[in-house]
Amino acid sequence: MAAEEDRIRLLHMLEAAREAVAFVEGRSADELQSDRMLNYAVLHAIGVIGEAASQVGEQTHAAYADLPWSEMIGMRNRLIHAYHDVNLQIVWRTVTQDLPPLILALEDILGGESDGAD
C-alpha cells in the first residue's frame, strides 16, 4: 500500500466521491444547472478529488495505473482555472457515470480503511 500520506489522500478522494454521488442522488441534470448550492457542492467535491489525486505520489500513481489520475487532476484544474466555462453536462456524467466505479476501485485499494477519511 501507499505511504501514509498517500493513504490519507486516497481516503479524501473516496470521501469526496461518495459525497458527490450522494449530492445528486434523486436529482436531475437540470437541477445541477438551476440549484446553485448543489452546483457548488458537486464542483467542490470533484475539485477535492482532483486536488487529492495531484498530491498522491508517483509510486502510488504507478501502482494503481488503472485509475484515471490525469483526468481527475485535469478536471480539477479545469474547474478551478476555467470556472467561468464549466460544462455541467460533463460534470453530471462524471458524477453519475465515472464516480461510482472510482468509488469501488478506491474501496478495493483501501480495503477496510474506507469507512471515513482522517
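The values are calculated or read from the model by the stated rules, or taken from the named source; none is laboratory data. All values reported here derive from a predicted model rather than from experimental measurement. Here the Cβ positions follow ideal geometry from the backbone for every residue, glycine too, while neighbour counts run over all protein chains shown.
Apart from one condition, residue 86 fits all of (1) surrounded by 12 or more Cβ atoms within 10 Å (Cβ to Cβ); (2) free of Cβ contacts under 8 Å to residues at least 40 places away in the same chain; the exception is (2).
In the set 79, 102, only one residue is within 12 Å of residue 49 (Cα to Cα), at pLDDT 95 or above and outside any loop (DSSP other than H, G, I, E, B); that residue is 102. For residue 30, are the conditions met, namely being exposed (fewer than 14 other Cβ atoms within 10 Å of the Cβ), among the acidic types (Asp, Glu) and assigned to a helix (DSSP H, G or I)? It is true that residue 30 is exposed (fewer than 14 other Cβ atoms within 10 Å of the Cβ), among the acidic types (Asp, Glu) and assigned to a helix (DSSP H, G or I).
Just so you know, in segment 61-78 the residues that are more than 20 Å from residue 100 (Cα to Cα) and either under 10 Å from the mean Cα position of the chain (by Cα) or not polar (S, T, N, Q) (or both) include one that is surrounded by the most Cβ atoms within 10 Å (Cβ to Cβ), and it is 78.
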